[in-house]
Amino acid sequence: MMQTPLLLTQMIERAEKYFPKKEIVSRTESGIERFTYKEWGERTRRLASALNTLGVKEGDKVGTLAWNHHRHLEAYFAIPCSGAVLHTINIRLSPQHISYIINHAEDKVLLVDPDLVPLLEKIKDSIPNVEAFIVMTSGPLPETSLDCVYHYEDLLKKGDPAYSFRTDLDENAPAGMCYTSATTGNPKGVIYSHRGIVLHAMALGLADTTAVSERDVALPVVPMFHVNAWGLPFASVWFGTKQVLPGPYFTPAILASLMEEEKVTITAGVPTIWLGLLNEMEKNSYDLSSLRSVLCGGSAAPRGMIKAFEEKFGIPFMHAYGMTETSPLAVIAASKSYHDDLSSDEKLDIKAKQGILVPGLEMKIIGKDGEVAWDGKEMGELALRGPWIASEYYQDERSQDAFRDGWLYTGDVVTIDEEGYIKIVDRTKDLIKSGGEWISSVDLENALMAHEDIFEAAVVAVPHAEWQERPVACVVLKEGSEGKVTKEGIVEFLKPQFAKWWIPDDIIFMEEIPKTSVGKFLKRTLRDQVQEKTAQS
Ligand code: ADP
């Protein structure tokens, strides 16, 4: 067979050639903006040529600090298709970590949204190697203390709309990079090759995974600064899918309206986003009948939430698992044809698991005595390998902890059932070790979030003299449920579902559960808060 390289250039050229009329809808600071793939393609070529003029060369890193919008999508292609590397920066990291990753990646140029300029001003003295800042706006340039600032649209005006994207690149060359937050120490960088991104996008198009196609209207809620918005923008461009990009500071009401108005068919985000949307749909009515798939990953989707989407609102829900290191799609909860005859409860059980391995990848699950049995009970650490799994952290000696013998050790403890469905029990570091046994914080959280008065729940370990660790549940009640439920009531609710020693020692009511930069429960901070509270009482 021919050894033709898999490059992002093919994706954008296909969109321009075959889908010039299809739309990219973008919610920006100046309202809703619409571009066809033809217009967007020209703008992307202009940006690539402008970056060349600024001195960006093959292999240079270009950082983005931006929300989900058409300009960010232009950067997604202009940078790698001109041979440079797209470094998406998580805008919610601490200023110290942002400056660390800009320096570690050696970003030469940064593209930044106007509202995020103050963030860069705070760290400007610690990132001396950045040669230029490009502000992504159609309005006037904001007043700033940064040097070498360019206006995005001015640069585009001067750029070449007929710029030739690179077709001569090595498919293994870096196209993108993203840093993942480490438990301790600085974030760790993952490099995505052209080949990895293309094959991952192809996997998103499979009928038995997410089946992204030309007929879809895709709205990635997951930020474009987080694992390439799970690869949806790449797949959508390649397949000519209409895209709806929700822009900055959206609320559940804004999301629901956008989905209704643009007739979104597929959307993707973390569970906290979907809890918010559910809450909104319960309060106000929207016609979301166009939705064929709500993709959910990043942390475990509570069974109760899946049930509400599917049974109360008739919206198909798709649970998936992955990580920054896996591009991210690795496991997806697709049901099998013969599951159609199962009861709705049994089907929900399958949907609440993370799912089966995506074609193209390999896995093993290592327990105490080698690979675990496929019995849904024995726990072990999931290890993965495949063409869109990273092989190391970028210039980081911590690589050897996770990458061993050609496998990525995910740090996730899982079980696998007879059918090959994986269930994430916990992250190794979040498992609660009580009296030599393991308690899954995820299982307890799922059960709690199925309670009709509970909005969110997170369970963490507190140290215990006799048992080593014990679980404590932190609970946020739904609006209007305050005073309706007691700690004792919640304990009684859990008792029939779990062994006695799994029941949390305490239930703490909270206003809000601290979240990570991408909306996952921030277990580290929560553990400190709870341990402080427990020590005081
Ligand atoms: P961070 O470490 O910054 O959270 P990632 O987004 O890469 O970065 O997180 C990946 C981790 O998220 C996985 O290792 C796993 O623990 C968790 N995760 C992802 N998807 C799911 C899911 N569907 N259910 C449970 N946990 C998940």
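The values are calculated or read from the model by the stated rules, or taken from the named source; none is laboratory data. Small disclaimer: the values here were computed from a predicted structure and weren't measured. Note: ideal-geometry Cβ built from the backbone for every residue, glycine included; neighbour counts use all protein chains shown. Protein only, heavy atoms only, side chains kept; ligands, DNA and RNA dropped before computing areas. Shrake-Rupley method; radii C 1.70, N 1.55, O 1.52, S 1.80 Å.
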*For region 159-274, just list the percent of Cα-Cα distances falling in each 10 Å bin from zero outward, please.*
12, 35, 35, 16, 2
*Take the alpha-carbon centre of region 331-394, take the same for region 186-217, and report the distance between them in whole Å.*
18 Å
*Val460: accessible area at probe 1.4 Å, nearest 10 Å²?*
0 Å²
*Please express the Cα-Cα pair-distance distribution P(r) of the chain as a list of whole percents, one per 10 Å bin, running from 0 to the bin with the greatest distance.*
4, 18, 29, 27, 16, 6, 1, 0
*Which value does Rg/Rh take for region 73-227 over its C-alpha atoms, Rh per Kirkwood?*
0.98
*Please report, for the Cα atoms of region 432-536, the Rg to one decimal and the Dmax as a whole number; what are they, in angstrom?*
13.2, 40
*Given the C-alpha centroids of region 415-433 and region 228-287, what is the distance between them in whole angstrom?*
29 Å
_Modelled label reach - Thr525, point 7 Å along Cα→Cβ, region 90-109 residues with backbone N closer than 20 Å_ = 90-101
*Using a 1.4 Å probe on the protein chains only, how many percent of the accessible area of region 153-221 belongs to carbon and sulfur?*
48 percent
*With every protein chain present, what accessible area does Phe234 have (1.4 Å probe, heavy atoms only), rounded to the nearest 10 Å²?*
0 Å²
*For the chain, accessible area per residue (1.4 Å probe, heavy atoms of protein chains only), Å²*: 42 Å²
*Using 0.36 nm per residue, how much length does the chain from Lys368 to Asn186 gain when fully extended, once their Cα-Cα distance is taken away?*
62.5 nm
*Accessible surface ranking that places the most exposed of Asp345, Asp107, Asp168 first, with a 1.4 angstrom probe*: Asp168, Asp345, Asp107
*Taking the Cα centre of the chain as the origin and placing charges on Cβ (Lys, Arg +1; Asp, Glu -1), which of Ser236, Ser289, Ser164 is farthest toward the positive end of the dipole?*
Ser164
*By average Cβ neighbour count within 10 Å, what is the ranking of 435-443, 158-166, 518-526 from highest down?*
518-526, 435-443, 158-166
*Percent accessible area from carbon and sulfur atoms, region 1-61, protein chains only, probe 1.4 Å*: 53 percent
